[in-house]
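Structure first, then comments.
FYI, it's all coordinate maths here, none of it is from the lab. Everything numeric in this text was worked out from a predicted model, so none of it was measured. Because the Cβ atoms are built from the backbone with ideal geometry, glycine has one as well, and the counts that use them run over all protein chains shown.
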Amino acid sequence: MFTVRDEQARLHALGYNPGAIDGLRGPKTRAARTIALRDRHGHNTADLFHHSGLHRIHWHWTAGAYGDIAMERRAYNGLVDRFGNRIDGDFRFEAQARYQVGKAASHTLNANTGAIGLSCDAMAGAQERPFRPGSAPLTMEMVWELCEWTAELCHAYDIPVSRYSTLSHAEVQTTLGIKQRFKWDITWLPGMSCPEDPIEVGDRLRAMTIEKMQDLRLAA
């Protein structure tokens, strides 16, 4: 069920170093896997993952107008509206573990298996260069709620907050080596004058997610 690329990303997320995420089980990947299994008292690759099979969360924006529509609910496991309200997608999170077209959310090209897709319902008519946020720009309410939802899911499914396991659609190609089609979500946040480096923006979202995880621990 888990590809070598999944294994490499998971090892990185857990703090080990399997080398480049290239889909090849070379000596560095084998060595990192051996150490991780020893540390986690595991016997096979599946023991490195949560029993649900979920191991990543991908952040998106819909590039649509405010107000969810059926197509968006099918494309993502969850949406956040401009006021920070959550909207469930048509497919449960666990459906992503054994992804099949029409039976799970198809949110990221060739990278849906094991990956939950959360999206801000925004950015209709947005343009990357020259930058225009369009008629339905992101709001901070939706961004904070996106991070809080992510924090809850990370806790529920043992997903570390890391560049390899909680990342934006715009980071997928660079970080996981899975080619995408010129995606730039999420590279702009409210208060920014223009889009910035995907990983740097992703780091901001990850920092916000960690802050929300700390809030959840204090509330427990």
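Which aspartates and glutamates does Lys28 reach when only Cα atoms under 18 Å apart count, and residues fewer than 8 places away in its own chain are ignored? Straight-line reach from Lys28, under 18 Å: Asp6, Glu7, Asp39.
Note down the net charge around Ser135, summing +1 for each Lys or Arg and -1 for each Asp or Glu among other residues with Cβ under 14 Å from its Cβ. Show your work: numbers first, answer last.
On the way: positive: Arg82, Arg132; negative: Asp121.
Overall, the nearby charge balance is +1.
Net charge of the neighbourhood of Ala75, taken over other residues with C-beta under 12 Å away and scored Lys/Arg +1, Asp/Glu -1, is -2.
Once the other residues with Cβ under 9 Å from the Cβ of Leu48 are scored (Lys, Arg +1; Asp, Glu -1), what is the net sum? Neighbourhood net charge equals +1. Looking at region 49-113, the trypsin sites (Lys or Arg not before Pro) that sit in a DSSP loop and have at most 15 other Cβ atoms within 10 Å of their own Cβ are Arg92, Lys103.
Defining a contact as two alpha carbons under 8 Å apart and six or more residues distant in sequence, what relative contact order in percent does the chain show? Across the chain, relative contact order equals 20 percent. Along the axis of the charge dipole computed for region 56-219 (Cβ charges of +1 for Lys and Arg, -1 for Asp and Glu, origin at the Cα centre), the listed residues Ala156, Gln180, Leu79 are led at the positive end by Gln180. Phi angles across region 102-109 convert, under the Karplus curve 6.51 cos²θ - 1.76 cosθ + 1.60 with θ = phi - 60°, into 3J(HN,Hα) values of x, 10, 7, 6, 9, 9, 9, 4 Hz, Gly and Pro given as x. The charge dipole of region 1-157, taken about its Cα centre with unit charges on the Cβ atoms of Lys, Arg (+1), Asp and Glu (-1) only, comes to about 720 debye.
Given a cut-off of under 8 Å on Cα pairs at least six residues apart, what relative contact order in percent is computed for region 4-48? Walk me through the numbers before you get to the answer.
Working: 45 pairs, mean separation 14.3, N = 45.
Relative CO of region 4-48 lands at 32 percent.
Annotation for region 10-100: chymotrypsin sites (Phe, Trp or Tyr not before Pro) lying in DSSP loop with at most 13 further Cβ atoms inside 10 Å of their Cβ are Phe83.
Neighbour counts of C-beta atoms inside 10 Å place Val161, Val4 in the sequence Val4, Val161, starting with the fewest. Answer rounded, prolate or oblate for region 56-219, using the Cα gyration tensor with square roots of eigenvalues a ≥ b ≥ c: rounded when a/c is under 1.5, else prolate when a/b is larger than b/c, else oblate. Because its axes are fairly even, with a/c under 1.5, region 56-219 counts as rounded. Of the trypsin sites (Lys or Arg not before Pro) found in region 135-220, those in coil by DSSP whose Cβ has at most 12 other Cβ atoms within 10 Å are Lys179, Arg181.
Classified by the C-alpha gyration tensor, region 136-220 has an oblate form. Its axis ratio a/c, with a ≥ b ≥ c, is 1.5 or above, and a/b does not exceed b/c.
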